[in-house]
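Taking it in order: structure first as structure tokens, then the write-up.
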Amino acid sequence: MSWIKVEDTARHHRKHRAADLEGRGLWLCGLEFCAQYCTDGRISKTDLHELFTGHSKHDLVTLAARLVSLGLWEDRGDHWLVHDYLDYQESSDEIRRKRAANVQRQKRFRDKGVTRDK
């Protein structure tokens, strides 16, 4: 599991206000998707349906186009890129490095044979 960063005043930014609730929801789900799958801000157009379930493909494409028109996403042909993603979010290398370090930390803990009283 990794975390994403969203400025606590993002909802007041003109781009986010113009995106409306569904557009902002797709933008946020896009950030979550990129962090979960270590894409460095790339969202394949074939993965769009994975981001925001319960919406038709047409509606999602329309929302994605709105995010592009507002400068929140960039259309790169076969994928979208979350604008300035790596300026604020951890890179895939950083996420993988932390995950690997966490696995090693947990292994060392288990190897010590430490148990917790309940």
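The values are calculated or read from the model by the stated rules, or taken from the named source; none is laboratory data. Keep in mind it's a predicted model, so treat the numbers as computed, not measured. Heads up: the accessible areas ignore ligands, DNA and RNA and are worked out on the full protein's heavy atoms, side chains in. Shrake-Rupley method; radii C 1.70, N 1.55, O 1.52, S 1.80 Å.
The H on the amide N of residue 74, modeled in the peptide plane, is under 5 Å from the matching H of 81, 82, 83, each at least 5 residues off or on a different chain. Derived value for the range 1-106: Kirkwood hydrodynamic radius 14.4 Å. Basis is the mean of 1/r over every pair of different alpha-carbon atoms. Which entries of 45/107; 5/112; 5/98; 15/98 show an alpha-carbon separation above 28 angstrom in the structure shown? Beyond 28 Å between Cα atoms: 45/107; 5/112; 15/98.
Look at the alpha carbon pairs under 8 Å that are at least 6 residues apart: their mean separation over the length of the range 36-118 gives a relative contact order of 33 percent. Accessible surface for the chain, divided over its residues, is 71 Å² per residue with a 1.4 Å probe.
Taken one residue at a time, the phi angles of the range 36-49 give Karplus couplings (6.51, -1.76, 1.60, θ = phi - 60°) of 4, 9, 6, 9, 6, x, 8, 10, 5, 5, 6, 9, 3, 5 Hz. Gly and Pro are set to x.
Accessible surface of the chain, 1.4 Å probe: 51 percent of it comes from carbon and sulfur atoms. Computed from backbone phi, the HN-Hα couplings of the range 90-97 come to 5, 6, 4, 4, 5, 4, 4, 4 Hz, rounded to whole numbers (Karplus: 6.51 cos²θ - 1.76 cosθ + 1.60, θ = phi - 60°; Gly and Pro given as x). Converting phi to 3J(HN,Hα) with the Karplus coefficients 6.51, -1.76 and 1.60 and the offset θ = phi - 60°, the range 53-63 yields 5, x, 10, 5, 4, 4, 5, 5, 5, 5, 5 Hz in sequence order, with x at every glycine or proline. Quick note on the range 44-90: its Rg to Rh ratio, both from C-alpha atoms and Rh being the Kirkwood radius, is 0.98.
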